[in-house]
Amino acid sequence: MRGNLWAHTNSEGIESQRLSSNKEADLIVIGAGFTGCSAALEAARSGSSVVVLEAETVSHGGSGRNVGLVNAGLWLPPDDVVAIMGESAGTRLIEALGKGPDTVFSLVKEFGIACEAVQNGTLHLAHAPSGFQDLRERYCQGNRFGAPLQLLDRDETIRRTGSDQFHGALLDPRAGTVQPRAYCSGLARAAVALGAQIYQQSPVTRVERKNGAWCVHANGHTVTVPRLLLATNAYHHLAEGAYAPEYVVVSYSQFATAPLTQAQRSRILPGREGCWDTALVMSSIRTDEKGRLIVGGMGNGDGPAASIHANWARRKLRRLYPDLGELPFEHQWQGKIAMTKDHIPKVVEFGPSAYAVSAIPGRGISPGTVIGAAAAKALLGA
């Protein structure tokens, strides 16, 4: 099998250049994923100068390995968010992330990002009768907070997925899917067009405060700025003097089939909704623009247990769609997710005009876009 499908089909990007001289700017962003590129775009749109340093390439980490579901909100149901954060802050976060998909798809349209964007909703699938009861509770809570969720019965779920293995679903019509690496690369391209400077293959080796400014060292050169945003998430590399986010790393692997026939595409996810299920060990299904069926699940498909995960994907495909059971997988890849016990994103002010954003567990696209832009606004004075 070939590797990451999203790298194979990505038509967005920027000219790659390394940091090769000292720089000064209004803001530095470390990490060029959803959060970092969104922050850079927001800063550039406001007329501020911004430098982004990326150790590898734009969208190299979780952003370029994502399932591509543009979901609203968090994994947690709204009542849990409020219980953890308090009513005022929790409600603000729920409302902001509820608008996240519209924010993402508006940016796609505004900047002409070629990322296979489809805003037809996502389906949270009940893997068992108990899962459907969980969805019913999420439906009630979401509607109470103004989310236009729809609870689908088993027959409608079968019609939308083409599989009889689910007991119902929760449809969020605000949501959708994108080619995640292309979306992130498109944010970077839009930011550069507005004046942002993005340097790839430029790993940060040291961060220090000197004379009231942040000095960030990479490739033997220094970027001096009054404001700093750390947006490395699960792909953080510890540099001397840098803040170290706290999280547990969880791996997620995906397997993409050969393209389905037109007849198969008309039956299997014909609306191209992205899906994930209610099982404790979560899995996902979706299709891409060419009709490939993408099956994902927890675990590292590239580690010592690679064959176990490959066999799991084959069994999953056979169970969901028996007639596709022997369709070959053409791509396989995996990524890392930063998890914390409470599943709430972390924004830490670790120094003067310095934020670190991390632990956006499994929902990087909308929250990363929203929180990255908000962090840039806050650091730049809004």
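Brief remarks follow.
- About its Cα centre, the dipole of the chain is roughly 400 debye, where the only charges are +1 on Lys and Arg Cβ and -1 on Asp and Glu Cβ.
- Rounded to whole numbers, the Karplus 3J(HN,Hα) couplings from phi for segment 7-21 are 5, 5, 10, 6, 10, 9, x, 10, 5, 7, 9, 9, 5, 10, 7 Hz, using 6.51 cos²θ - 1.76 cosθ + 1.60 with θ = phi - 60°, and x at Gly and Pro.
- Relative to the current alpha-carbon distance between Glu246 and Asp342, full extension at 0.36 nm per residue lengthens the span by 33.3 nm.
- FRET efficiency for the Glu137 to Lys290 pair, using the beta carbon distance and R₀ = 35 Å, is estimated at 0.40.
- Sorting 113-126, 278-291, 230-243 by average packing, meaning the other beta carbons within 10 Å per residue, from highest down gives 113-126, 230-243, 278-291.
- In this entry, segment 283-382 is assigned a mean projected area of 9.2 nm², taken as a quarter of its C-alpha convex hull surface.
- Orientation-averaged projected area, Cα convex hull of segment 98-194 (nm²): 7.0 nm²
- For the chain, lysine pairs separated by 8 or more sequence positions, or belonging to different chains, with Cα-Cα distances below 18 Å total 5.
- For a label point 7 Å along the Cα-to-beta-carbon line of Asp302, residues of segment 153-184 with backbone N under 20 Å: 179-184
- Note that segment 1-70 shows a convex hull volume over its alpha carbon atoms of 115 Å³ per residue.
- Extents of segment 147-272, taken as max minus min of Cα coordinates on every principal axis and listed largest first, are 66, 31, 30 Å.
- The equivalent ellipsoid of segment 29-168 has semi-axes of 32, 20, 14 Å, largest first, where each one is the square root of 5 times an eigenvalue of the Cα gyration tensor.
- Out of every Cα-Cα pair that segment 309-367 contains, those further apart than 14 angstrom amount to 69 percent.
- Within segment 194-268, the proportion of Cα pairs with more than 19 Å between them is 56 percent.
- Label-to-label distance, Lys210 versus Glu24, with points set 7 angstrom from Cα along the beta-carbon direction: 1.4 nm.
- Within segment 343-369: backbone nitrogen closer than 16 Å to the Lys99 label point (7 Å, Cα to C-beta): 366-369
Computed from the coordinates by the stated procedures, all read-outs in this text should not be read as laboratory data. Note that the coordinates shown come from a computational prediction; the quantities given were computed from them, not determined experimentally. In this analysis, Cβ positions are derived from the backbone assuming ideal geometry, glycine residues included, and neighbour counts consider all displayed protein chains.
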